[in-house]
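One structure is given here, and the rest of the page talks about it.
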Amino acid sequence: MTYNPFHKFSWKLAHGRSLELGPRGVLMAIVNVTPDSFSDGGRFIDATAAVAQGIRCLTEGALILDIGGESTRPDAAPVSADEEQARILPVISALARETDALISADTYRASTARLAVEAGAHIVNDVHGLQREPDIAKVAAETGAGLCIMHTGRDREKRADVIEDQFVFLERSLEIAAEAGVARDRIVLDPGFGFAKDTDENLELMARFQELHRFELPFLIGTSRKRFVGAVSGREATDRDVATAATSALLRVAGASIFRVHNVANSKDALAIADAMLNAKAG
């Protein structure tokens, strides 16, 4: 049977939770507890402000809150594990107490991932695709956390073809996950828009996105306010939400499942149109 990205997929998560993917697009809200993220750095560095932002995103339609404590922009200063944990763990704990949201920890560190799940997170979102700290896969296997595995072109030699490079990198990541004992129904992939990819590469990745369904796994998309969106739209980072929503709708029609965004309301409307069209097409 040919893989259909719109069929139901029950994504198994930590703490006995799960999330149905496939029939409708799902929104993951970005909550950066950082002073230097590229479009909202410093806005939510205070835990109280970060929690309030998370709750605001839930009211706008997000099902997942992605909490990050270290900026991933190319020139960002690294932070220690202790600093990262001091930023995100109080926010995760508070959101787990005060809401029923699904919570994602945006980290590549195994130690932070373990503490985040203990604090109430359901998902681990690794922008290094398990290849910087492979022990993070063991944490996911042992805690039952859902795992987002992202492709990146940073700090390595890329293949010339954007889709071939996706398969070379992500197949290795999936091997690491399998060796650690992570079940396939706990994995979502992310093609890593903007991570060591220029505008042309990002647009080609969008145009050829359906080729990635050969993985037979759901995909998370992170185009929000990225530089290539600005290059096409001519907008500065904080004014790219309409263009971001357009990418969400286009990639939803191409079969993406989860959309990691700064502006939940805009992408919610875009996904509603995309899902309505897909339902009409399906009859």
Identify, by number, the condition in (1) of a type in the set (Ser, Thr, Tyr); (2) in contact with a Lys or Arg (Cβ under 8 Å, 6 or more places away or on another chain); (3) assigned to a helix (DSSP H, G or I) that Ser224 doesn't meet. (3)
Residues of region 77-96 satisfying the condition of being outside any helix (DSSP H, G or I), among the hydrophobic types (A, V, I, L, M, F, W, C) and exposed (fewer than 15 other Cβ atoms within 10 Å of the Cβ): Ala77
Filtering region 97-134 down to residues that are in contact (Cβ under 8 Å) with a residue 40 or more places away in the chain, surrounded by fewer than 24 Cβ atoms within 10 Å (Cβ to Cβ) and assigned to a helix (DSSP H, G or I) yields Glu98
Name every residue in region 1-57 that is modelled with pLDDT of 95 or more and aromatic (Phe, Trp, Tyr), in order of residue number. Tyr3, Phe6, Phe9, Trp11
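For region 175-217, what are the residues that are among the small types (Gly, Ala, Ser) and not in a helix (DSSP H, G or I)? Before you say what the answer is, go through the steps one by one.
Going through region 175-217, the residues among the small types (Gly, Ala, Ser) turn out to be 177-178, 180-181, 183, 192, 194, 196, 207.
Within region 175-217, Gly181, Ala183, Gly192, Gly194, Ala196 qualify.
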In this structure, does Ala137 turn out to be of a type in the set (A, V, I, L, M, F, W, C) and farther than 19 Å from Arg260 by Cβ? yes
What number of residues within region 141-165 are within 24 Å of Ile64 (Cβ to Cβ) and either under 16 Å from the mean Cα position of the chain (by Cα) or of a type in the set (Asp, Glu) (or both)? 9
Set Lys138, Lys158: member being within 13 Å of Lys197 (Cβ to Cβ), of a type in the set (Lys, Arg), at pLDDT 95 or above and surrounded by fewer than 24 Cβ atoms within 10 Å (Cβ to Cβ): Lys158
Just one of (1) surrounded by fewer than 18 Cβ atoms within 10 Å (Cβ to Cβ); (2) in contact with a Phe, Trp or Tyr (Cβ under 6 Å, 6 or more places away or on another chain); (3) farther than 17 Å from Ile149 by Cα; (4) of a type outside the set (Val, Ile, Thr) trips up Asn202, so point out which. (1)
When you scan region 253-270, how many residues do you find that are touching a strand residue (DSSP E or B) at 6+ places or on another chain (Cβ under 7 Å) and either of a type outside the set (Val, Ile, Thr) or assigned to a loop (DSSP other than H, G, I, E, B) (or both)? 7
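The values are calculated or read from the model by the stated rules, or taken from the named source; none is laboratory data. If you're wondering where the values come from, they're calculated on a predicted model, not measured in any experiment. Glycine gets a Cβ as well: all are built from the backbone with ideal geometry, and neighbour counts include every protein chain shown.
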